[in-house]
1. Given R₀ = 30 Å, what would the calculated FRET efficiency be for residue 32 paired with residue 113, taking r from the Cβ atoms and rounding to 0.05?
2. Please sort 96-103, 129-136, 142-149 by packing, taking for each peptide the average over its residues of neighbouring beta carbons within 10 angstrom, highest first.
3. I'd like the accessible area for residue 10, computed on protein heavy atoms only with a 1.4 Å probe and all protein chains in place. Round to 10 Å², please.
4. Along the Cα→Cβ direction, 7 angstrom out, place labels at residue 49 and residue 183. What is the inter-label distance in nm?
5. What FRET efficiency do you get for residue 79 and residue 16 if R0 is 30 Å and r is their Cβ-Cβ distance, rounded to the nearest 0.05?
6. Find how many whole Å separate the alpha carbon centroid of the range 34-69 from the alpha carbon centroid of the range 76-100.
7. Of all DSSP beta bridges in the chain, what percent run antiparallel (nearest 5)?
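The values are calculated or read from the model by the stated rules, or taken from the named source; none is laboratory data. Small disclaimer: the values here were computed from a predicted structure and weren't measured. Backbone-built Cβ (ideal geometry, glycine too); neighbour counts: all protein chains shown. Only protein heavy atoms, including side chains, enter the accessible area calculation; ligands, DNA and RNA are left aside. Shrake-Rupley method; radii C 1.70, N 1.55, O 1.52, S 1.80 Å.
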Amino acid sequence: EHEIEAVCETVQSYLHRARDEKHHAICLLTGVPGSGKTLVGLSLAHSAENRASAIHFMSGNGPLVKVLQHLFTQQGIREGALAPQARIKARTLIENVHVFARNYTDDDPGPPSNHAIIFDEAQRAWNRAQNLKKFKRDYSEPEMLLKIMERHQDWAMVIALVGGGQEINDGEAGLEEWGRALASNERTKEWRIY
């Protein structure tokens, strides 16, 4: 528990630095299964410190997203919200990365509402071939997420939770693809990497 807290504080300090110094940053948090990456992400996304400027938590793991949305809906109802409002709030806090991508690549050319995003299971982000096959987008998911976050002119933060060696399905790109996306000459912002 103490280690999780320490990691949260460190990542939070990177977020404050990005906001205060007005730059774009990515934090790649790696670890073996069960090491607490998701717990760190959820702790950051729902800490009292980040309530005013919410961090958007997303995952490509559909069943995990559904379970977490249900839990946060129930919590909202217990706190006095009506079920429809609690459901909407839960969806704004936790979302499937493919829904986020659809909203900001197909429908909305503007910057996302959140300056900071957490991508759980980031090793499972799709490579270019899989993204093209599934959604007719000729770029990888890491490339796409960086492009979306670069629409923020002042600052942005991506927290990528990466489980090494857990790329289990066709087209899951792993940590390498994040490196390729960051090194691409298509970057419009300079990204500070942690």
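1. Values: r = 33 Å, r/R0 = 1.10.
Between residue 32 and residue 113 the formula returns 0.35.
2. Most protected by this proxy first, the peptides run 142-149, 96-103, 129-136.
3. Near enough 60 Å² of accessible area.
4. A separation of 3.3 nm, rounded to one decimal place.
5. Working: r = 27 Å, r/R0 = 0.91.
Approximately 0.65, to the nearest 0.05.
6. Value for the Cα centre distance between the two parts: 13 Å.
7. Working: 1 of 23 bridges.
For the chain, the DSSP antiparallel bridge percentage is about 5.
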